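Below: one structure, written as structure tokens.
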Amino acid sequence: MAFRKFVKSVLLGIPIGITFLDCVGYVARVDGISMQPALNPDASQTDYVFLSRWAVRTSNVDRGDIVSLISPKDPSQKIIKRIVGLQGDVVSTLGYRHEIVRIPEGHCWVEGDHTGHSLDSNTFGPVAQGLLTARATYIVWPPERWRRLQTELPRRRRPIQIAKSASYYSQ
């Protein structure tokens, strides 16, 4: 009887768990220094963040959010960066082939916080919105760093001109 109950629990729990991970979110390890000082401020410790898939599905991302995305350079790799500009915004770049870029419809501009130590839009240009997989909402490990990640954009990296429509996925 106990075995049947266990099997029933497992058969019910697996689809619920998969649905949660696929629709709501998951915890991921942040490697590297590209997001210092917001993430991994001490190179000897690694941050783990909760990535909310729900935020991306419901179009709930904005300038200053830290997001996970599929790398435009290597689709087998996921990277984590900060959204600097949304479609229609005009941004000044840091070493991209054009000094000023208007972000095309359906795209955003992402950068690492550690300028010069990040492969980001300054390397590969505007990123298609479809490559965004989740928004980082909390640091969940190590315990002394537990906190909600704030949506903040460094003053020096604000768009030159913000698009008239403030909505991320507006048409």
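The values are calculated or read from the model by the stated rules, or taken from the named source; none is laboratory data. In this text the structure is predicted, and so the values were computed from the model without any measurement. When we count neighbours, we look across all protein chains shown, and the Cβ atoms used for this are built from the backbone with ideal geometry, even at glycine. Ligands, DNA and RNA are excluded from the accessible area calculation, which covers all protein heavy atoms including side chains. Shrake-Rupley method; radii C 1.70, N 1.55, O 1.52, S 1.80 Å.
Looking at R157, R97, which is the one that is among the basic types (K, R) and either surrounded by 15 or more Cβ atoms within 10 Å (Cβ to Cβ) or closer than 22 Å to Q45 by Cβ (or both)?
Checking each option against the conditions leaves just R157.
Could you grab me the full set of residues in region 132-151 that are modelled with pLDDT under 90 and either within 13 Å of the chain's Cα centre (by Cα) or within 18 Å of V56 (Cβ to Cβ) (or both)?
Of everything in region 132-151, those that are modelled with pLDDT under 90 and either within 13 Å of the chain's Cα centre (by Cα) or within 18 Å of V56 (Cβ to Cβ) (or both) turn out to be Q150, T151.
Could you say which residue among G85, G106 is touching a strand residue (DSSP E or B) at 6+ places or on another chain (Cβ under 9 Å), at negative phi and modelled with pLDDT under 95?
G85
All but one of (1) modelled with pLDDT of 90 or more; (2) under 13 Å from the mean Cα position of the chain (by Cα); (3) surrounded by fewer than 16 Cβ atoms within 10 Å (Cβ to Cβ) hold for S76; state the number of the condition that does not hold.
(2)
Does S68 qualify as being within 20 Å of A55 (Cβ to Cβ) and touching a residue at least 40 places away in the same chain (Cβ under 8 Å)?
For S68, the condition - within 20 Å of A55 (Cβ to Cβ) and touching a residue at least 40 places away in the same chain (Cβ under 8 Å) - is met.
Scan region 61-73 residue by residue and report those that are surrounded by 16 or more Cβ atoms within 10 Å (Cβ to Cβ) and either touching a helix residue (DSSP H, G or I) at 6+ places or on another chain (Cβ under 7 Å) or closer than 16 Å to Y26 by Cα (or both).
Once the filter is applied, which keeps residues that are surrounded by 16 or more Cβ atoms within 10 Å (Cβ to Cβ) and either touching a helix residue (DSSP H, G or I) at 6+ places or on another chain (Cβ under 7 Å) or closer than 16 Å to Y26 by Cα (or both), region 61-73 yields V61, I66, V67, S68, L69, I70, P72.
Considering region 20-60 alone, what residues qualify as being open to solvent by less than 10 Å² (accessible area, probe 1.4 Å), in a strand (DSSP E or B) and modelled with pLDDT of 90 or more?
V49, L51
Identify, please: which residue in region 109-127 is over 21 Å from Q161 (Cβ atoms) and of a type in the set (A, V, I, L, M, F, W, C) and is, among those, modelled with the lowest pLDDT?
L119
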